[in-house]
Amino acid sequence: MDASTIGLIAFAAVLILLALRVPISFTLAAVAAVGTFCIFAFRTGTFMPERAIRATTSMVFSNSFDLIHSYDLSMIPLFIALGHIAYKADITTRIYHAARVWLSAVPGGVAMASVMGCGGFSAITGSSIACASTMGRICTPEMLRMGYDNRLATASVAAGGTLGSLIPPSVLFIIYGIFTETSINRLFVAGILPGLLTLAGFVLVIFIWVKRDPAAAPVDTAEISYADRFRAAALAWPAFVLFIVIIGGIYGGIFTATEAAAVCLSLAVLIGVLQRKLTLTSIWEAFRETCLQTASIFFIAAGAKIFVAFVALTGVAPAIVDVVTQAELSVFWLLLSIALIYLLLGMFLDPIGIMVLTLPLVVPLVETYGMDLIWFGVVIIKLLEIGLITPPVGLNVFVIANVVGKDAPIDRIFAGIARFLSVDVIVLILLMAFPAISLLLPNSMM
Amino acid sequence: QTTLIHGEAGPNRGARAAALQWFADTVGETSGGDLKVDVQWGGALFKANAAVQSIGDGVADLGTVIAVYYPQEMQSYGIADLPLDNPDAWVGMRATDELMRSSPVIAEDLAKKNLVYIGTFTTSAVHIGCTGDAIRSVEDIKDRKIRGTGAYGKVFGELGGNMVNMSIYKAYQGLDTGLLECSQGYSYAVTALKQQEVMDNYTLLNWGQVGGLGILMNKDVFDSLSEDQQQVLLDAGRGMADEFGRLITTANDAAIETMKEKGIEVFTLPEEERAKLVAAGTKHIDAWVEQMNASGMDGAALLEEYRGLIAKYTEERDSKGYPWTR
Amino acid sequence: MLKALETFLLNLAVAAVIALGLMITASVFSRAIFNVALPDTIVIVRELMVAAIVLPLAAATLSRSHVAVEFLANRLPPRAQAWLAVFGSIVGLFALMPLIYAGGREFAHNFTSGGFFYGDLELPKWPGRLIFLIGISLCWLRLLVLVVQDIRAIRAGDYSFADTHAEGLD
Ligand code: NA
Ligand code: NA
């Protein structure tokens with residue numbers, strides 16, 4: 001049995017195990033381990049179990065350990081802790097109170113504000129997962145408390161989280177830039193309009209959703225005076241301070257995005273303690289919840305990472321790209337095939353994994369067609385972002401599910417996601433059809 | 001036909017990728033299609049900091065190893081990272097390659113880790129690019145926010161630099177926002193990462209290189225090959241120094257041109273200032289010798305051999321020119 | 001006993017997150033105000049990350065907070081659902097075994113060879129590997145206990161554990 005066949009069987013096995021309610025992390029790690037063992041054991045034609053065990057365990061270990069053993073990703077527990085601390089210190093409740101009194105007349109206004117908050121947070125972090133886990137922690141419980149439909153309260157943030165990689169800074173654009181030797185700054189700037197377009201699309205989805213089903217987002221009909229509104233806004237000052245410190249610190253060259261997470265967390269604790277909202281016990285409790293959530297999120301991410309390494313061994317990705325290359329398609333069909341390949345891989349694999357598996361093959365191919373690599377990068381990142389919210393393996397959805405717990409099972413979140421996905425596909429088509437949306441800013445600015 | 005998997009943490013772009021591809025192609029050609037090297041780019045199989053175990057355990061048959069991630073396991077290879085007076089990429093690679101290939105002490109040490117040495121790359125000479133004031137003397141390092149690596153970074157810190165921990169890939173953003181004032185690097189990487197867009201000046205230190213960077217192979221797999229196949233791999237590995245030397249020298253020259261076109265001022269550190277840097281590196285060289293001694297390898301002897309090889313290939317370059325210009 | 005150990009490790013993880021947050025904050029202040037870089041911040045934060053992520057795994061497993069896709073299984077009768085939950089834990093037991101095996105090997109290797117991180121302090125590599133090994137092993141043990149308990153519960157006709165979703169944390 002050759003490696004690609006093992007790969008295809010593995011994809012089927014993932015689907016089956018997931019349907020049988022096996023936790024995602026266990027599914028990915030177990031299937032990858034068995035698949036890798038088979039590939040190594042039968043590589044030379046003779047069955048060599050000992051060597052295969054050593055290689056498989058080594059691969060499984062190093063890919064999960066290296067993922068966890070990361071300085072940059074320390075941003076994730078820190079931002080999640082920030083969410084918990086902000087909640088316990090009443091910081092988030094006050095923002096939401098302010099959002100509520102200001103947007104009370106707008107149906108679904110708070111969900112729209114949450115998506116915009118995701119857009120704002122995207123300007124801080126380069127990672128969609130960090131964006132989803134932080135905003136999920138901050139926004140979703142508040143929306144649920146206001147009586148929002150749990151599909152809307154979760155899906156809006158899971159989708160909003162995907163802005164993290166489109167709006168700069170962005171880890172995915174950095175990796176793409178390294179693989180294509182294109183200017184990372186131009187890529188960053190190219191992502192701005194598509195990011196805002198996506199954001200506008202998500203707001204539109206919420207608008208239509210609530211228009212059709214007003215019960216999904218309860219509206220406060222009480223008349224609120226402007227004095228009360230400004231008082232509510234003023235009470236939300238700690239959030240504004242934190243936001244200004246983060247943005248000022250990152251763009252003013254005082255700290256990196258990872259450092260911003262730590263500085264802000266320290267600041268939030270300080271504000272909470274000075275306002276007598278936090279006690280040692282409540283701080284410790286916030287960190288315990290942080291740890292439990294972070295552990296589960298990283299465990300899924302580690303499973304995904306191991307699975308990518310396994311897929312690399314199968315050679316499935318080059319096999320698919322080869323077929324496309326051999327077909328000598330026209331530009332239209334080529335783009336369509338690439339989009340399908342990325343959507344397909346996006347169902348199972350994480351964005352960085354897909355990039356390292358496919359970019360070495362796809363980029364030379366599109367270069368021969370003379371396509372603009374900056375524009376192509378935006379299209380690829382958009383495709384990868386979509387993969388974060390498509391079933392069966394949608395990392396952003398899992399992150400939100402993990403954060404909200406029993407209040408919203410995964411199928412409810414995916415059900416909500418479906419509406420956001422339709423807009424994502426429209427945005428994708430626009431980006432592919434009109435390269436100017438991506439290229440306008442970089443071409444006029446630099 | 002035997003397919004060998006090569007794990008590489010970097011992208012399939014740039015001079016190093018070209019040299020690795022050359023290695024893969026050469027192995028294919030000289031073996032008459034009997035051997036095929038299949039490169040997995042971008043760390044799909046393992047990251048640079050897991051390369052040694054991964055190759056030894058057979059996750060990949062071959063792989064690119066960066067010695068600085070393994071100050072203990074790859075101690076001997078770390079000789080090529082020392083801040084010696086060793087600025088020429090081709091000379092450095094030739095010397096490193098010959099030492100790694102011919103020293104029985106090193107071969108035995110690698111064999112303990114189930115590894116065989118195949119061939120060497122290098123980053124080429126370490127230089128420094130800055131925003132604002134240029135580094136024109138050792139004094140200028142003081143209080144600047146610098147991103148450095150390896151022993152070179154340590155020396156910058158010891159000379160008063162305010163060291164910022166950051167990967168070379170993030171240096172662009174760092175220089176752009178002002179978090180960094182200077183970034184240690186090498187010329188072709190500067191343009192590959194487009195850092196010329198955010199730098200004001202570039203100082204050629206002509207100091208040493210980060211040269212402990214090359215291809216190692218799983219020993220079980222190597223031993224299972226026929227003698228002819230082994231020879232094909234070893235020859236291609238040896239040829240890499242010339243091929244990569246050619247590529248990187250051209251790429252570095254082109255990078256300097258690009259920088260100048262972009263309006264970046266390119267300086268050369270004056271000879272007496274450079275001597276101060278080399279002198280400041282001495283304690284790190286001594287520390288390496290002691291570590292080697294502690295592991296039961298004669299550090300001083302290897303160092304002397306290495307210096308001799310650098311002198312030998314410097315002489316060859318001066319008398320005959322680079323192989324690709326002959 | 002196992003529960004107490006889990007709580008202890010969870011508290012250690014909390015200490016690790018707090019420590020890494022303070023450490024990064026301190027390094028920002030040190031650099032911005034005193035123009036001095038703290039030694040080996042990155043290496044220490046990485047090692048603390050291992051503690052932060054891996055040590056709570058057993059506690060997370062106990063609260064059944066590993067995310068799973070449930071809507072297909074939910075259509076099955078309670079008894080079948082209960083068996084699926086057991087099956088999921090068994091897959092988990094299997095998935096963790098290579099990590100424990102290789103984690104042990106890696107720890108032993110780094111401990112005996114004296115592997116260390118390049119840096120100012122030349123910190124050893126083994127502590128992070130040891131923490132990883134402990135965290136994953138305890139998680140494995142917890143899964144095993146769950147499997148045994150769940151099978152007993154099924155035999156006693158109690159399928160309620162299968163409805164335990166991830167704990168809402170507020
Ligand atoms: Na972003
Ligand atoms: Na997906």
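To the nearest 20 Debye, how big is the dipole of chain A about its Cα centre, given +1 on the beta carbon of each Lys and Arg and -1 on that of each Asp and Glu? Can you show the working numbers first?
Numbers: 23 positive and 24 negative charges, 190 e Å.
Charge dipole, chain A, about its Cα centre: 920 debye, nearest 20.
Enumerate cysteines in the protein assembly as shown without a disulfide-compatible partner, where compatibility requires another Cys Cβ under 4.7 angstrom.
A:Cys38, A:Cys118, A:Cys131, A:Cys139, A:Cys264, A:Cys291, C:Cys139
From the phi angles alone, apply the Karplus equation (6.51, -1.76, 1.60; θ = phi - 60°) to the range A:114-127 and give each ³J(HN,Hα) in whole Hz, x where the residue is Gly or Pro.
Result, ordered by residue: 5, 5, 5, x, 4, x, x, 5, 4, 6, 9, 10, x, 10 Hz.
Taking Cα atoms of the protein assembly as shown, Rg/Rh with Kirkwood Rh, to two decimals? It would help to have the intermediate numbers written out before the result.
Details: Rg = 27.7 Å, Rh = 28.8 Å.
A ratio of 0.96.
Using a Gaussian network model of chain C with C-alpha springs under 10 Å, which one of C:Gly119, C:Gly128, C:Gly103 is most mobile by mean-square fluctuation?
Maximum fluctuation in the GNM of chain C, among the listed residues, is at C:Gly119.
How much accessible area does A:Thr221 have with a 1.4 Å probe, in Å² rounded to the nearest 10?
We get 130 Å² for A:Thr221.
How big is the charge dipole of the protein assembly as shown about its Cα centre, in debye rounded to the nearest 20, if each Lys and Arg gets +1 on its Cβ and each Asp and Glu gets -1 on its Cβ? Could you put the intermediate results ahead of the total?
Working: 64 positive and 82 negative charges, 625 e Å.
It comes to approximately 3000 debye.
Select from the range B:266-326 those GluC sites (Glu not before Pro) which occupy a DSSP coil region and have at most 14 other Cβ atoms within 10 Å, ordered by residue number. Present the calculation step by step, with values, prior to reporting the outcome.
On the way: sites: B:Glu271, B:Glu272, B:Glu273, B:Glu290, B:Glu304, B:Glu305, B:Glu315, B:Glu316; in loops: none.
Qualifying residues, ordered by number: none.
For the range A:158-259, which GluC sites (Glu not before Pro) pass both filters: DSSP loop (anything but H, G, I, E, B) and at most 12 other C-beta atoms within 10 Å?
Working: sites: A:Glu181, A:Glu223, A:Glu259; in loops: A:Glu181, A:Glu223.
Within the range A:158-259, the qualifying GluC sites (Glu not before Pro) (loop, at most 12 other Cβ atoms within 10 Å) are A:Glu223.
Report the percentage of all Cα-Cα pairs in chain B whose separation exceeds 25 Å, rounded to a whole percent.
Across chain B, Cα pairs with separations above 25 Å total 50 percent.
Quick one: work out the % antiparallel among DSSP beta bridges in chain B, nearest 5. Working shown, then result.
On the way: 19 of 35 bridges.
Taking every DSSP beta bridge within chain B, about 55 percent pair in antiparallel fashion.
Please list, ordered by chain and number, the residues whose modelled amide H lies under 5 Å from the amide H of B:Ile128; skip anything fewer than 5 residues away on the same chain.
Placed amide hydrogens put B:Gly185, B:Thr203, B:Leu205 under 5 Å from B:Ile128.
When we measure straight from the Cα of B:Lys320, which lysines land under 20 angstrom away, once same-chain ones fewer than 8 places off are left out?
B:Lys312
Karplus couplings for the range A:65-76 from phi (6.51 cos²θ - 1.76 cosθ + 1.60, θ = phi - 60°), rounded to Hz, Gly and Pro as x?
Coupling constants for the range A:65-76: 5, 5, 5, 6, 7, 10, 6, 4, 6, 4, 4, 5 Hz.
Which of the peptides B:103-109, A:391-397 is most tightly packed, and how do the rest follow, judged by the mean count of other Cβ atoms within 10 Å per residue?
On the way: B:103-109: 15.0, A:391-397: 23.6.
Per-residue mean Cβ counts within 10 Å order the peptides as A:391-397, B:103-109.
How many angstrom lie between the C-alpha centres of the range B:79-111 and the range A:250-284?
When both Cα centres are located, 48 Å separates them.
Show me the ranking of peptides B:144-153, B:161-170 by mean Cβ neighbours inside 10 Å, starting with the highest.
Details: B:144-153: 23.3, B:161-170: 20.9.
Top to bottom by mean Cβ count within 10 Å: B:144-153, B:161-170.
Taking Rh as the Kirkwood radius, which is the inverse of the mean 1/r over Cα pairs, what is the Rg/Rh value for the range A:289-353? Before the final figure, lay out the partial values.
Values: Rg = 15.9 Å, Rh = 13.7 Å.
That ratio equals 1.16.
Taking θ as phi - 60°, what are the ³J(HN,Hα) couplings along the range B:187-203 by the Karplus curve (6.51, -1.76, 1.60), each to the nearest whole Hz, with x for Gly and Pro?
The phi angles translate into 4, 5, 5, 4, 7, 4, 9, 6, 5, 4, 5, 10, 9, 9, 8, 9, 10 Hz.
Which distance in nm do the two modelled labels at A:Ile224 and A:Met48 give, with both placed 7 Å along the Cα-to-Cβ direction?
Here the modelled spin labels are 6.9 nm apart.
Which whole number gives the average count of other chain Cβ atoms within 10 Å of the Cβ atoms across peptide B:217-227?
Mean shielding count: 1.
Return the long-range amide H neighbours of B:Gly119 (sequence gap of 5 or more, or a different chain), with a cut-off of under 5 Å between placed amide H atoms.
For B:Gly119, the qualifying residues are B:Ile215.
Taking R0 as 51 Å, what's the FRET efficiency between B:Thr2 and C:Asn35 from their Cβ-Cβ distance, rounded to 0.05? Spell out each step's value before the answer.
On the way: r = 56 Å, r/R0 = 1.10.
Efficiency at R0 = 51 Å is approximately 0.35.
Just going by the charge dipole of the protein assembly as shown, with Lys and Arg at +1 and Asp and Glu at -1 on Cβ, which of C:Ala162, A:Ala222, C:Ile53 is farthest out on the positive end?
Result: A:Ala222, furthest along the dipole toward the positive end.
Could you compute the net charge surrounding B:Asp242? Neighbours are other residues with a C-beta less than 11 Å from the C-beta of B:Asp242; K and R count +1, D and E count -1.
Working: positive: B:Arg94, B:Arg238, B:Arg246, B:Arg326; negative: B:Asp97, B:Glu243.
Cβ neighbours under 11 Å give a net charge of +2.
With the full set of protein chains in place, find how many percent of the accessible area of chain B is carbon and sulfur; take the probe as 1.4 Å. Walk me through the numbers before you get to the answer.
Working: 5530 of 11540 Å².
About 48 percent, which is the carbon plus sulfur part of the accessible surface.
What's the ranking of C:42-51, B:252-261, A:152-161, A:339-348 by average number of surrounding C-beta atoms within 10 Å, highest first? Intermediate results must be reported in sequence, preceding the final value.
Details: C:42-51: 23.5, B:252-261: 16.0, A:152-161: 31.0, A:339-348: 18.8.
Ranked by mean Cβ neighbours within 10 Å, highest first: A:152-161, C:42-51, A:339-348, B:252-261.
With a 10 Å cut-off between alpha carbons and a GNM built on chain A, which of A:Ile247, A:Ile85, A:Ile386 moves the most?
Sorting by GNM fluctuation, first place goes to A:Ile247.
Taking amide H positions as placed in the peptide plane 1.01 Å from N, state which residues far from B:Leu84 in sequence (5 or more) or on other chains have amide H under 5 Å from it.
Sorted by chain and number, the residues that satisfy this are B:Gln209.
Calculate, for C:Ser160 and C:Phe8, the FRET efficiency according to 1/(1 + (r/R0)^6) with r their C-beta to C-beta distance and R0 30 Å; round to the nearest 0.05.
Numbers: r = 28 Å, r/R0 = 0.94.
According to the calculation, E is roughly 0.60.
Given a 1.4 Å probe, how much area per residue of chain C is accessible, in Å²?
On the way: 7280 Å² over 170 residues.
In whole numbers, chain C has 43 Å² accessible per residue.
Put a dot 7 Å past each Cα toward the Cβ at B:Gln230 and B:Lys283; how far apart are the dots in nm?
Reported label-point gap for B:Lys283 and B:Gln230 is 4.5 nm.
DSSP beta bridges in the protein assembly as shown, what fraction antiparallel, as a percent rounded to 5?
Bridges in the protein assembly as shown that DSSP calls antiparallel: roughly 55 percent.
Quick one: angle between helix B:299-320 and the longest Cα principal axis of chain B, in degrees between 0 and 90, rounded to 10, please.
In chain B, helix B:299-320 runs at an angle near 80 degrees to the longest axis.
Of A:Thr281, A:Thr134, A:Thr162, which is the most mobile in a GNM of chain A whose springs link Cα atoms less than 10 angstrom apart?
So, out of A:Thr281, A:Thr134, A:Thr162, the one fluctuating most is A:Thr281.
Taking Cα centroids, how far is the range A:367-433 from the range B:204-236 in Å?
So the two Cα centres are separated by 42 Å.
Below 28 Å, Cα to Cα, which lysines can A:Lys305 reach? Residues fewer than 8 away in the same chain don't count.
Those lysines meeting the cut-off are A:Lys382, A:Lys406, B:Lys36, B:Lys47, B:Lys113, B:Lys170, B:Lys219, C:Lys125.
For peptide A:406-418, how many partner chain Cβ atoms fall within 10 Å of a residue's Cβ, on average? Intermediate values should be presented prior to the final figure.
Working: counts 8, 4, 2, 8, 7, 5, 1, 0, 2, 1, 0, 0, 0.
That average works out to 3.
Assign unit charges at the C-beta atoms only (+1 for Lys and Arg, -1 for Asp and Glu), then state the dipole size of the range C:2-162 relative to its Cα centre in Debye, rounded to the nearest 20. Each step should come with its number before you reach the end.
Values: 12 positive and 9 negative charges, 100 e Å.
My answer is approximately 480 debye.
Mean 1/r over all different Cα pairs, inverted: what Kirkwood radius does the range C:23-161 give, in Å?
Values: mean 1/r = 0.0559 Å⁻¹.
Its Kirkwood hydrodynamic radius stands at 17.9 Å.
Inside 10 Å of the C-beta atoms of A:282-289, what's the mean count of C-beta atoms belonging to other chains?
Numbers: counts 0, 2, 4, 2, 2, 10, 9, 4.
Taking all residues of A:282-289 together, the mean is 4.
Find the eigenvalues of the gyration tensor of the Cα atoms of the range B:175-326, then list the square roots of 5 times those eigenvalues as equivalent ellipsoid semi-axes, largest first, in whole angstrom. Write out the running numbers ahead of the final one.
Values: eigenvalues 211, 108, 65 Å².
Equivalent-ellipsoid dimensions as semi-axes: 33, 23, 18 Å.
In the protein assembly as shown, with Lys and Arg counted as +1 and Asp and Glu as -1 at Cβ, which of these residues, A:Ile192, B:Ala95, A:Gly83, has the Cα nearest the positive end of the dipole, that is, farthest along it?
Of the candidates, A:Gly83 comes out farthest on the positive side.
The values are calculated or read from the model by the stated rules, or taken from the named source; none is laboratory data. Values in this document were obtained by computation on a predicted structure and should not be read as measured data. Glycine also receives a Cβ, built like all others from the backbone with ideal geometry; neighbour counts cover every protein chain displayed. Protein only, heavy atoms only, side chains kept; ligands, DNA and RNA dropped before computing areas. Shrake-Rupley method; radii C 1.70, N 1.55, O 1.52, S 1.80 Å.
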